[in-house]
Amino acid sequence: MDLFRRLLPESIFSRKLSPAVEQRLRLAQARADEAIVRAHVENALLFVDALAPDVPFERALEVYVREMSVPDPLAGVIITRAMVALGEGLMSTRASSAAVAESHPTTDELPVRPRLRLDDAAAARRRLA
């Protein structure tokens, strides 16, 4: 046990951090938490796209959260943000298809689905690089 204490002495980290350090630590943790949520949402949307022909998006999101073992409070945030992204995609798709329909009316109207975003994540990373 003495060897363990020499390798990891408690004096390396003080018990009480200064308020400025605590504030920077909380801000860094918030940025990290947000990055984790964004990554999960991006991956959940890719998962929905991959399963789109066979599984409804609600079920695909549930499967993603379960398979990734996302804890409950975070799972709700991820599902909500993914559904918002899907809804925004659906609304923009409907608006653009409505504009096309006005200029070219058709008799049989197919249900509008959000566009697939399989390459969006890679394109976003290329833009940031």
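Listing for the model above:
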{"quantity": "Helices (runs of 4 or more DSSP H) completely within the stretch 1-108 that count 3 or more residues being at pLDDT 90 or above", "calculated": "19-51, 57-67, 72-103"}
{"quantity": "Subset of the stretch 51-80 [loosely packed, with under 14 Cβ neighbours inside 10 Å and under 17 Å from Leu90 (Cα atoms)]", "calculated": "Pro53, Pro56, Glu58, Thr80"}
{"quantity": "Of the criteria (1) aliphatic (A, V, I, L, M); (2) in contact with a helix residue (DSSP H, G or I) (Cβ under 6 Å, 6 or more places away or on another chain); (3) modelled with pLDDT of 95 or more, which one Leu118 fails", "calculated": "(3)"}
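The values are calculated or read from the model by the stated rules, or taken from the named source; none is laboratory data. Note that the structure is a prediction, hence the values are computed from the model and not measured. When we count neighbours, we look across all protein chains shown, and the Cβ atoms used for this are built from the backbone with ideal geometry, even at glycine.
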